[in-house]
Amino acid sequence: MKFRIWTTLFLATIAQLAWGQTSGSTKPVGAEAAAPELSTNNYVVLGATAEQEALVRAQVRIMQPGVYPLRVLFVPHWKYVDTARIFQLHVPAGFTSAMFTHLPSRSVFIDSDRYVSDDSLGYWLAHELGHLAANSASESDANKAARDYRKRLKDAHKRDI
């Protein structure tokens, strides 16, 4: 019984001390003041080298997708295979993939062990951004959306030459 009384007194004292750390206003924080809005083109590139990250950011900037990913993750092959299994990625028999998009989390996973070249990265990244733009797992919908992105990449490459 004494333990309960002391515990209650201790918690009551802590609660009163906690009131001393308020801003003076007793009204709750409104949704508009809770957190600043993130820009639609803020995304994180994880697991990439500095060169790969710069390349991904430059290519995404050139493509100007309608929907940006939240994360672009370069992962080792074992992690890529495990993640694809967890997300139940369906790859037709006889085909492989070097990257895939998880639509609910707006994350693009890239198999860093199968990363071939800068040009192929842009080509397939356009396809993955097409999945996000179409909000569809359909490959044909992603390819339709990716056409414009690939054209922008190609036009930018021509201007650089």
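The values are calculated or read from the model by the stated rules, or taken from the named source; none is laboratory data. All values derive from a computational prediction rather than experimental measurement. So basically every Cβ, Gly included, is an ideal-geometry build from the backbone, and we count neighbours across all protein chains shown.
Scanning the stretch 71-98 for residues that are in contact with an Asp or Glu (Cβ under 6 Å, 6 or more places away or on another chain) and either polar (S, T, N, Q) or more than 18 Å from residue 53 (Cβ to Cβ) (or both) yields one hit, 77. When you scan the stretch 146-158, do you find a residue that is of a type in the set (A, V, I, L, M, F, W, C), crowded, with 17+ Cβ neighbours inside 10 Å and under 17 Å from the mean Cα position of the chain (by Cα), even just one? No - not one qualifying residue is present in the stretch 146-158.
Among the residues making up the stretch 56-85, a single one is buried (at least 17 other Cβ atoms within 10 Å of the Cβ), of a type in the set (S, T, N, Q) and over 15 Å from the mean Cα position of the chain (by Cα): 59. Looking across the stretch 93-126, just one residue is assigned to a strand (DSSP E or B), in contact with a Lys or Arg (Cβ under 8 Å, 6 or more places away or on another chain) and hydrophobic (A, V, I, L, M, F, W, C), and that is 108. If you filter the stretch 121-145 down to residues that are among the hydroxyl-bearing types (Ser, Thr, Tyr) and under 20 Å from the mean Cα position of the chain (by Cα), you find that the one that is surrounded by the fewest Cβ atoms within 10 Å (Cβ to Cβ) is 138. Residue pairs whose Cβ atoms lie under 9 Å apart, separated by 6 or more positions or on different chains, with the first residue in the stretch 100-120 and at pLDDT below 85 and surrounded by 15 or more Cβ atoms within 10 Å (Cβ to Cβ) and the second among the aromatic types (Phe, Trp, Tyr) and not in a helix (DSSP H, G or I), are 115/74.
Quick one: count up the residues across the stretch 86-99 that are surrounded by 15 or more Cβ atoms within 10 Å (Cβ to Cβ) and under 18 Å from the mean Cα position of the chain (by Cα). Qualifying residue count for the region: 4.
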